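Everything below concerns the one structure shown next.
The values are calculated or read from the model by the stated rules, or taken from the named source; none is laboratory data. Please read all numbers here as calculations on a predicted model, not as lab measurements. Backbone-built Cβ (ideal geometry, glycine too); neighbour counts: all protein chains shown. We work out accessible area using only protein heavy atoms, side chains counted, and drop any ligands, DNA or RNA first. Shrake-Rupley method; radii C 1.70, N 1.55, O 1.52, S 1.80 Å.
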Amino acid sequence: MPLDEFDLIDRFFRHCGPESSNVVLGIGDDGAILQAGHTGGNTEELVVATDTLVAGTHFPEHGDPAEIAQRALRVNLSDLAAMGAQPTAFLLALTLPEADEQWLSGFAQGLSQAAQTFTCPLIGGDTTKGPLCISITTLGSVPRGQALTRSGARPGDIVYITGITGEARAALDILQGKSRAETNTENHLLARYWRPEPRIAAGTHLRGLASAAIDVSDGLLADLQHIADNSGVGAIIEAGKLPLSKPVQTLTSHQWALQWALTGGDDYELCFTAAPGLSSRIDACMQSIGLPATAIGAITHGQGIVCIAENGDAMALETPGYRHFGV
Ligand code: ADP
Ligand code: MG
(Lines give C-alpha, C1' and ligand atoms only; values in the text may rest on other atoms or scores of the structure.)
(Ligands and ions follow the chains in the order given, each with its own letter.)
Protein backbone atom coordinates (compact mmCIF):
# COMPACT_ATOMS: atom_id res chain seq x y z
CA MET A 1 0.00 0.00 0.00
CA PRO A 2 1.42 3.44 -0.87
CA LEU A 3 2.56 5.61 2.02
CA ASP A 4 0.65 8.82 2.56
CA GLU A 5 2.22 12.01 3.89
CA PHE A 6 1.66 11.21 7.55
CA ASP A 7 2.78 7.54 7.38
CA LEU A 8 5.91 8.73 5.62
CA ILE A 9 6.76 11.29 8.32
CA ASP A 10 6.06 8.75 11.07
CA ARG A 11 8.15 6.02 9.53
CA PHE A 12 11.21 7.96 8.39
CA PHE A 13 11.47 11.16 10.38
CA ARG A 14 9.68 10.95 13.74
CA HIS A 15 12.82 9.80 15.57
CA CYS A 16 15.75 11.57 13.97
CA GLY A 17 18.69 12.72 16.05
CA PRO A 18 19.09 12.58 19.79
CA GLU A 19 16.42 13.22 22.41
CA SER A 20 16.93 16.69 23.81
CA SER A 21 15.56 18.34 26.92
CA ASN A 22 15.45 21.63 24.96
CA VAL A 23 12.67 20.21 22.80
CA VAL A 24 9.41 20.73 24.66
CA LEU A 25 7.31 19.41 21.74
CA GLY A 26 8.70 17.88 18.53
CA ILE A 27 7.15 16.44 15.37
CA GLY A 28 3.37 16.04 15.18
CA ASP A 29 1.78 19.42 15.92
CA ASP A 30 1.38 22.68 13.98
CA GLY A 31 4.77 23.83 15.28
CA ALA A 32 7.59 22.62 17.50
CA ILE A 33 8.19 24.17 20.94
CA LEU A 34 11.72 24.80 22.17
CA GLN A 35 12.93 26.19 25.46
CA ALA A 36 14.02 29.78 25.02
CA GLY A 37 15.57 32.39 27.31
CA HIS A 38 14.09 34.83 29.79
CA THR A 39 12.57 38.09 28.60
CA GLY A 40 11.71 40.72 31.19
CA GLY A 41 11.53 38.16 33.96
CA ASN A 42 9.12 35.95 31.97
CA THR A 43 10.15 32.57 30.66
CA GLU A 44 9.22 32.29 27.01
CA GLU A 45 9.19 29.29 24.74
CA LEU A 46 10.15 29.46 21.07
CA VAL A 47 7.63 28.08 18.56
CA VAL A 48 8.95 27.08 15.13
CA ALA A 49 6.92 26.04 12.10
CA THR A 50 7.75 25.53 8.44
CA ASP A 51 5.63 25.09 5.32
CA THR A 52 6.47 24.79 1.65
CA LEU A 53 4.35 26.02 -1.21
CA VAL A 54 5.00 24.30 -4.55
CA ALA A 55 3.90 26.03 -7.76
CA GLY A 56 1.05 24.13 -9.39
CA THR A 57 0.20 22.29 -6.16
CA HIS A 58 -0.24 24.99 -3.51
CA PHE A 59 -0.88 27.93 -5.83
CA PRO A 60 -1.44 28.49 -9.55
CA GLU A 61 2.02 28.91 -11.11
CA HIS A 62 1.08 32.02 -13.09
CA GLY A 63 -0.64 33.81 -10.21
CA ASP A 64 0.18 37.39 -9.22
CA PRO A 65 3.60 37.19 -7.45
CA ALA A 66 2.51 39.68 -4.76
CA GLU A 67 -0.47 37.46 -3.96
CA ILE A 68 1.71 34.32 -3.97
CA ALA A 69 4.01 35.98 -1.40
CA GLN A 70 1.10 37.11 0.78
CA ARG A 71 -0.31 33.61 0.79
CA ALA A 72 3.07 32.01 1.52
CA LEU A 73 3.71 34.07 4.64
CA ARG A 74 0.12 34.04 5.86
CA VAL A 75 -0.29 30.25 5.73
CA ASN A 76 2.95 29.87 7.64
CA LEU A 77 1.88 32.35 10.31
CA SER A 78 -1.32 30.35 10.64
CA ASP A 79 0.66 27.49 12.20
CA LEU A 80 2.00 29.90 14.84
CA ALA A 81 -1.58 31.08 15.45
CA ALA A 82 -2.67 27.48 15.99
CA MET A 83 0.03 27.14 18.66
CA GLY A 84 -1.10 30.34 20.44
CA ALA A 85 2.24 31.96 19.58
CA GLN A 86 3.06 35.57 18.76
CA PRO A 87 5.18 35.87 15.55
CA THR A 88 8.78 37.04 16.02
CA ALA A 89 10.48 36.66 12.61
CA PHE A 90 10.68 34.41 9.54
CA LEU A 91 13.15 32.80 7.11
CA LEU A 92 12.55 32.43 3.36
CA ALA A 93 13.97 29.61 1.22
CA LEU A 94 13.16 30.51 -2.36
CA THR A 95 13.66 28.26 -5.39
CA LEU A 96 13.24 30.15 -8.67
CA PRO A 97 13.34 28.96 -12.30
CA GLU A 98 14.93 32.32 -13.29
CA ALA A 99 15.77 35.71 -11.77
CA ASP A 100 12.84 37.60 -13.32
CA GLU A 101 13.10 41.14 -11.92
CA GLN A 102 9.47 42.02 -12.50
CA TRP A 103 8.28 38.85 -10.78
CA LEU A 104 10.71 39.36 -7.89
CA SER A 105 9.66 42.97 -7.42
CA GLY A 106 5.98 41.97 -7.13
CA PHE A 107 6.83 39.05 -4.84
CA ALA A 108 8.98 41.25 -2.57
CA GLN A 109 6.25 43.88 -2.40
CA GLY A 110 3.59 41.35 -1.33
CA LEU A 111 5.98 39.74 1.13
CA SER A 112 6.90 43.06 2.69
CA GLN A 113 3.25 44.05 3.03
CA ALA A 114 2.38 40.82 4.81
CA ALA A 115 5.47 41.10 7.01
CA GLN A 116 4.41 44.65 8.02
CA THR A 117 0.81 43.58 8.67
CA PHE A 118 1.88 40.87 11.09
CA THR A 119 4.93 42.70 12.53
CA CYS A 120 7.15 39.82 11.48
CA PRO A 121 10.51 40.68 9.84
CA LEU A 122 12.39 38.48 7.37
CA ILE A 123 15.72 37.55 9.01
CA GLY A 124 17.33 35.13 6.55
CA GLY A 125 16.85 32.26 4.15
CA ASP A 126 18.28 30.70 1.04
CA THR A 127 17.95 31.22 -2.74
CA THR A 128 18.38 28.45 -5.31
CA LYS A 129 17.53 27.75 -8.95
CA GLY A 130 14.87 25.18 -9.86
CA PRO A 131 11.08 24.81 -10.22
CA LEU A 132 9.25 27.61 -8.32
CA CYS A 133 8.93 26.66 -4.67
CA ILE A 134 8.59 28.84 -1.58
CA SER A 135 9.53 27.52 1.81
CA ILE A 136 9.02 29.68 4.89
CA THR A 137 10.01 29.01 8.48
CA THR A 138 8.32 31.14 11.12
CA LEU A 139 9.54 31.73 14.65
CA GLY A 140 7.24 32.84 17.43
CA SER A 141 7.03 33.01 21.18
CA VAL A 142 4.66 31.87 23.86
CA PRO A 143 4.83 32.09 27.67
CA ARG A 144 6.16 28.82 29.04
CA GLY A 145 3.61 26.02 29.22
CA GLN A 146 0.86 28.06 27.54
CA ALA A 147 1.15 26.92 23.93
CA LEU A 148 -1.97 25.41 22.37
CA THR A 149 -1.40 21.90 21.06
CA ARG A 150 -3.37 19.20 19.26
CA SER A 151 -3.23 16.81 22.18
CA GLY A 152 -5.30 18.32 25.02
CA ALA A 153 -8.89 17.60 23.93
CA ARG A 154 -10.97 15.67 26.48
CA PRO A 155 -14.36 13.88 26.16
CA GLY A 156 -17.13 16.40 26.76
CA ASP A 157 -15.14 19.37 25.43
CA ILE A 158 -16.95 21.56 22.91
CA VAL A 159 -15.54 21.77 19.37
CA TYR A 160 -15.41 25.29 17.88
CA ILE A 161 -14.50 26.75 14.51
CA THR A 162 -13.56 30.40 14.03
CA GLY A 163 -15.04 32.35 11.12
CA ILE A 164 -16.28 30.43 8.09
CA THR A 165 -14.81 27.48 6.19
CA GLY A 166 -15.41 26.45 2.57
CA GLU A 167 -14.67 29.82 0.97
CA ALA A 168 -11.12 29.03 -0.14
CA ARG A 169 -12.39 25.81 -1.75
CA ALA A 170 -14.96 27.83 -3.69
CA ALA A 171 -12.18 30.22 -4.75
CA LEU A 172 -10.24 27.27 -6.13
CA ASP A 173 -13.18 26.45 -8.42
CA ILE A 174 -13.12 30.04 -9.66
CA LEU A 175 -9.35 29.94 -10.19
CA GLN A 176 -9.70 26.71 -12.15
CA GLY A 177 -12.44 28.23 -14.33
CA LYS A 178 -15.11 25.82 -13.02
CA SER A 179 -17.33 28.49 -11.41
CA ARG A 180 -18.21 32.12 -12.01
CA ALA A 181 -19.87 34.64 -9.73
CA GLU A 182 -20.50 38.37 -9.81
CA THR A 183 -17.39 40.51 -9.31
CA ASN A 184 -17.80 41.35 -5.61
CA THR A 185 -18.41 37.73 -4.69
CA GLU A 186 -15.46 36.54 -6.76
CA ASN A 187 -13.18 39.18 -5.25
CA HIS A 188 -14.22 38.23 -1.72
CA LEU A 189 -13.64 34.52 -2.32
CA LEU A 190 -10.34 35.02 -4.17
CA ALA A 191 -9.07 37.23 -1.32
CA ARG A 192 -9.87 34.41 1.09
CA TYR A 193 -7.68 32.10 -1.00
CA TRP A 194 -4.77 34.47 -1.65
CA ARG A 195 -4.78 36.35 1.64
CA PRO A 196 -6.01 33.98 4.36
CA GLU A 197 -6.07 35.59 7.79
CA PRO A 198 -3.77 33.83 10.27
CA ARG A 199 -5.86 33.84 13.44
CA ILE A 200 -3.05 35.11 15.65
CA ALA A 201 -5.20 37.17 18.03
CA ALA A 202 -7.56 34.21 18.48
CA GLY A 203 -4.62 31.90 19.22
CA THR A 204 -3.01 34.16 21.80
CA HIS A 205 -6.36 34.97 23.47
CA LEU A 206 -7.27 31.29 23.69
CA ARG A 207 -4.16 30.44 25.75
CA GLY A 208 -5.36 28.94 29.01
CA LEU A 209 -8.89 28.47 27.61
CA ALA A 210 -8.66 26.10 24.64
CA SER A 211 -7.72 22.50 25.45
CA ALA A 212 -6.51 21.83 21.88
CA ALA A 213 -6.21 23.72 18.61
CA ILE A 214 -5.26 23.27 14.95
CA ASP A 215 -5.44 25.49 11.90
CA VAL A 216 -7.63 24.24 9.08
CA SER A 217 -5.30 23.75 6.12
CA ASP A 218 -6.43 20.38 4.75
CA GLY A 219 -10.16 20.55 5.63
CA LEU A 220 -12.12 20.89 8.88
CA LEU A 221 -12.84 17.17 9.39
CA ALA A 222 -9.33 16.08 8.34
CA ASP A 223 -7.71 18.57 10.70
CA LEU A 224 -10.09 17.81 13.56
CA GLN A 225 -9.05 14.18 13.05
CA HIS A 226 -5.49 15.25 13.95
CA ILE A 227 -6.75 16.72 17.24
CA ALA A 228 -8.69 13.49 17.84
CA ASP A 229 -5.68 11.27 17.05
CA ASN A 230 -3.20 13.32 19.10
CA SER A 231 -5.62 13.55 22.04
CA GLY A 232 -6.76 9.88 21.91
CA VAL A 233 -10.44 10.84 21.56
CA GLY A 234 -13.24 10.98 18.99
CA ALA A 235 -15.62 13.76 18.01
CA ILE A 236 -19.18 14.28 16.87
CA ILE A 237 -19.92 17.19 14.56
CA GLU A 238 -23.41 18.52 13.87
CA ALA A 239 -23.36 19.73 10.27
CA GLY A 240 -26.40 21.94 10.84
CA LYS A 241 -24.43 24.07 13.30
CA LEU A 242 -21.69 24.90 10.81
CA PRO A 243 -21.68 28.53 9.64
CA LEU A 244 -22.06 28.55 5.86
CA SER A 245 -20.73 31.25 3.57
CA LYS A 246 -23.38 33.34 1.79
CA PRO A 247 -21.03 34.06 -1.15
CA VAL A 248 -20.38 30.32 -1.56
CA GLN A 249 -24.11 29.64 -1.56
CA THR A 250 -24.58 32.01 -4.50
CA LEU A 251 -22.10 29.82 -6.38
CA THR A 252 -23.28 26.33 -5.55
CA SER A 253 -26.01 24.29 -3.84
CA HIS A 254 -26.50 24.17 -0.06
CA GLN A 255 -25.25 20.58 -0.13
CA TRP A 256 -21.95 21.50 -1.79
CA ALA A 257 -21.51 24.56 0.40
CA LEU A 258 -21.79 22.24 3.40
CA GLN A 259 -19.45 19.65 1.89
CA TRP A 260 -16.83 22.35 1.20
CA ALA A 261 -17.23 23.79 4.70
CA LEU A 262 -16.53 20.33 6.16
CA THR A 263 -13.81 19.10 3.83
CA GLY A 264 -12.46 21.99 1.74
CA GLY A 265 -8.94 23.09 2.67
CA ASP A 266 -7.03 26.39 2.69
CA ASP A 267 -9.30 28.46 4.95
CA TYR A 268 -6.79 28.70 7.83
CA GLU A 269 -9.50 29.16 10.44
CA LEU A 270 -8.78 27.71 13.89
CA CYS A 271 -10.59 24.58 15.02
CA PHE A 272 -10.29 24.35 18.80
CA THR A 273 -11.79 22.57 21.78
CA ALA A 274 -12.62 23.81 25.27
CA ALA A 275 -14.33 22.51 28.41
CA PRO A 276 -18.09 23.25 28.39
CA GLY A 277 -17.77 25.30 31.59
CA LEU A 278 -15.64 27.82 29.72
CA SER A 279 -18.21 28.59 27.00
CA SER A 280 -19.16 32.07 28.26
CA ARG A 281 -15.48 33.00 28.65
CA ILE A 282 -14.80 31.73 25.12
CA ASP A 283 -17.70 33.81 23.77
CA ALA A 284 -16.45 36.94 25.60
CA CYS A 285 -12.89 36.32 24.43
CA MET A 286 -13.90 35.94 20.79
CA GLN A 287 -16.17 38.97 21.02
CA SER A 288 -13.24 41.04 22.35
CA ILE A 289 -11.27 40.30 19.17
CA GLY A 290 -14.25 40.63 16.82
CA LEU A 291 -14.06 37.12 15.42
CA PRO A 292 -16.98 34.72 15.81
CA ALA A 293 -16.32 31.14 16.95
CA THR A 294 -19.16 28.67 16.49
CA ALA A 295 -19.74 25.57 18.63
CA ILE A 296 -20.15 22.75 16.07
CA GLY A 297 -19.92 19.59 18.14
CA ALA A 298 -18.28 17.78 21.01
CA ILE A 299 -15.32 15.57 21.83
CA THR A 300 -16.26 11.95 22.59
CA HIS A 301 -14.63 8.83 24.02
CA GLY A 302 -13.17 6.48 21.43
CA GLN A 303 -11.80 7.48 18.08
CA GLY A 304 -12.94 8.76 14.71
CA ILE A 305 -15.19 11.62 13.75
CA VAL A 306 -18.92 11.21 13.24
CA CYS A 307 -20.67 13.91 11.30
CA ILE A 308 -24.43 14.19 11.79
CA ALA A 309 -26.43 15.68 8.90
CA GLU A 310 -29.12 18.30 9.41
CA ASN A 311 -31.80 15.51 9.31
CA GLY A 312 -30.06 13.55 12.09
CA ASP A 313 -28.52 10.84 9.88
CA ALA A 314 -24.79 10.10 9.84
CA MET A 315 -23.29 11.85 6.82
CA ALA A 316 -21.31 10.12 4.09
CA LEU A 317 -18.64 12.50 2.82
CA GLU A 318 -16.83 12.39 -0.50
CA THR A 319 -13.28 12.95 0.82
CA PRO A 320 -12.26 13.82 4.36
CA GLY A 321 -9.56 16.30 3.25
CA TYR A 322 -6.37 16.76 1.32
CA ARG A 323 -3.32 14.49 1.74
CA HIS A 324 -0.10 14.63 -0.22
CA PHE A 325 0.62 11.17 -1.72
CA GLY A 326 -2.87 10.31 -0.38
CA VAL A 327 -5.28 7.76 -1.78
P1 ADP B 1 0.69 21.50 9.10
O2 ADP B 1 -0.43 21.09 8.16
O3 ADP B 1 0.22 22.10 10.37
O4 ADP B 1 1.76 22.34 8.43
P5 ADP B 1 1.86 18.96 8.55
O6 ADP B 1 0.66 18.12 8.30
O7 ADP B 1 2.58 19.53 7.36
O8 ADP B 1 1.42 20.15 9.53
O9 ADP B 1 2.91 18.16 9.40
C10 ADP B 1 2.53 17.39 10.52
C11 ADP B 1 3.72 17.29 11.46
O12 ADP B 1 4.80 16.57 10.86
C13 ADP B 1 4.32 18.63 11.86
O14 ADP B 1 4.72 18.55 13.22
C15 ADP B 1 5.54 18.77 10.97
O16 ADP B 1 6.55 19.59 11.54
C17 ADP B 1 6.00 17.33 10.85
N18 ADP B 1 6.73 17.06 9.57
C19 ADP B 1 6.27 17.18 8.31
N20 ADP B 1 7.20 16.80 7.40
C21 ADP B 1 8.30 16.46 8.10
C22 ADP B 1 9.61 15.98 7.74
N23 ADP B 1 9.97 15.79 6.47
N24 ADP B 1 10.48 15.75 8.74
C25 ADP B 1 10.14 15.94 10.04
N26 ADP B 1 8.92 16.35 10.44
C27 ADP B 1 8.00 16.61 9.50
MG1 MG C 1 -1.18 23.58 10.72
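Ile9 versus Gln116, label points 7 Å from Cα toward the beta carbon: distance in nm?
A separation of 3.4 nm, rounded to one decimal place.
Tally the DSSP beta bridges in the range 17-143 and give the antiparallel ones as a percent, rounded to 5.
80
Please return the longest stretch of the chain lacking exposed loop sites, where trypsin sites (Lys or Arg not before Pro) count only if DSSP places them in a loop and at most 11 other Cβ atoms lie within 10 Å.
For trypsin sites (Lys or Arg not before Pro) (loop position, at most 11 other Cβ atoms within 10 Å), the longest site-free span of the chain is 15-177.
Can you give the helix-only mean residue ellipticity at 222 nm for the chain, where every DSSP H stretch with n ≥ 4 adds -39500 (n - 2.57) and the sum goes over all residues, rounded to the nearest 500 deg cm²/dmol?
Calculated mean residue ellipticity at 222 nm is -10000 deg cm²/dmol.
With each pseudo-label sitting 7 Å past Cα toward Cβ, what's the Asp64-Glu101 distance in nm, one decimal?
2.3
When the distances between all Cα atoms of the chain are binned every 10 Å from zero, what whole-number percent does each bin get?
6, 25, 35, 25, 8, 1
Label 7 Å along Cα→Cβ of Val54; the range 193-217 residues with amide nitrogen under 19 Å?
Once the point is set 7 Å along Cα→Cβ of Val54, 217 turn out to lie under 19 Å by backbone N, inside the range 193-217.
Averaged per residue, what accessible surface does the range 47-117 expose to a 1.4 Å probe, in Å²?
Counting only protein heavy atoms, the per-residue value for the range 47-117 is 40 Å².
At most 11 other Cβ atoms within 10 Å plus a DSSP loop assignment makes a site exposed; report the longest stretch of the chain without any exposed chymotrypsin sites (Phe, Trp or Tyr not before Pro).
14-324
Give me the number: length gained by fully extending Ala108 to Asn22, i.e. 0.36 nm times residue separation minus the C-alpha to C-alpha distance, one decimal in nm.
Answer, rounded to one decimal: 27.5 nm.
Whenever you get a sec, compute what percent of the accessible area on the range 88-233 sits on carbon and sulfur atoms (1.4 Å probe).
The value for the range 88-233 is 48 percent carbon and sulfur by accessible area.
Out of all DSSP beta bridges in the range 208-327, what portion is antiparallel? Express it as a percent rounded to 5.
65
For the range 158-308, what is the Kirkwood estimate of the hydrodynamic radius, computed as the reciprocal of the mean inverse distance between distinct Cα atoms, to one decimal in Å?
15.6
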